[in-house]
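Below is one structure; the comments refer to it alone.
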Amino acid sequence: LTAWVEVHAAMYQCRVPVVVALERYAINAGAALALAANIVVAGESSFLQVGEIAMGVAAPMCQAWLHLKHSQAVADRVALVGDRIVGADMVKLGLVSEVVADSEVLNRSRIVADHIASHPQRGRDGIERTWDSLRGRIDNPDEWFANLIKRF
């Protein structure tokens, strides 16, 4: 659990945009990693599932990212229903940025990442600072993520 907290705290603190290629599926812990990304490119047959509710447990890391990045309505729908969310539904909910042919996921993700990287660093830094100002920042992400796990 310590390593898991460290992974999520590091992703939160990462100042480089994270682009995820979602091939096939992201379930529970894998879903948390996808939810942490800035941009997710998913394959047409892929799905995301936060299914901990069916096991009778909370989903603290998934819930953390849903809380940080999505509306309460989307977060509740994803965490409380616990089903597989596919293709266009992932886009509609804002969980992924786009859906492409399964064979194109990795290539498209690289194109998006390269395109973002092609912009001047000062632009990316300015966007991060503005988001920080609008959204606020967690002062101690290591402690914040660790406390979520300790509660459950």
Open item on the list: Net charge within 15 Å of residue 150 by Cβ-Cβ distance, Lys/Arg positive one each and Asp/Glu negative one each, not counting residue 150 itself?
Closed with: -2
- [ ] State, to one decimal in nm, how far the label point of residue 23 lies from the label point of residue 4, with both points 7 Å from Cα in the Cβ direction.
- [x] 2.5
TODO: Kindly work out what percent of the DSSP beta bridges joining two residues of the chain are antiparallel, to the nearest 5.
DONE: 15
Task: For the stretch 1-86, average projected area of the Cα convex hull in nm² - done: 5.5
Open item on the list: Could you give each residue of the stretch 37-49 its phi-based ³J(HN,Hα) in whole Hz, using Karplus coefficients 6.51, -1.76, 1.60 with θ = phi - 60°, and x for Gly or Pro?
Closed with: 6, 6, 9, 10, 9, 10, x, 4, 9, 7, 8, 10, 9
TODO: Whole number in Å², please: accessible area per residue of the chain, 1.4 Å probe, ligands, DNA and RNA not counted.
DONE: 58
Open item on the list: Using a 1.4 Å probe on the protein heavy atoms, what percent of the accessible area of the stretch 71-152 belongs to carbon and sulfur?
Closed with: 52
- [ ] Tell me what the chain gives for mean residue ellipticity at 222 nm when only DSSP H runs of n ≥ 4 count, each as -39,500 (n - 2.57), the sum divided by the residue total, rounded to 500 deg cm²/dmol.
- [x] -16500 deg cm²/dmol
TODO: Quick one: what are the phi-derived ³J(HN,Hα) couplings along the stretch 75-92, Karplus 6.51/-1.76/1.60 with θ = phi - 60°, whole Hz, x for glycine and proline?
DONE: 4, 5, 4, 5, 6, 8, 7, x, 8, 6, 10, 10, x, 4, 5, 5, 5, 4
Task: Dipole magnitude of the stretch 60-146, debye to nearest 20 (Cβ charges: Lys/Arg +1, Asp/Glu -1, about Cα centre) - done: 220
TODO: Return the distance in nm (one decimal) between the two label points of a simple spin-label model at residue 116 and residue 67, each offset 7 Å from Cα along Cα→Cβ.
DONE: 2.3
TODO: List every residue whose amide H lies under 5 Å from the amide H of residue 45, counting only residues 5 or more places away in sequence or on a different chain, with H placed 1.01 Å from N in the peptide plane.
DONE: 102
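The values are calculated or read from the model by the stated rules, or taken from the named source; none is laboratory data. Note that this is a predicted model, so its numbers are computed, not measured. All Cβ positions, even for glycine, are placed from backbone atoms using ideal geometry, and neighbour counts span all protein chains on display. All accessible areas refer to the heavy atoms of the entire protein, side chains included, with ligands and DNA or RNA removed. Shrake-Rupley method; radii C 1.70, N 1.55, O 1.52, S 1.80 Å.
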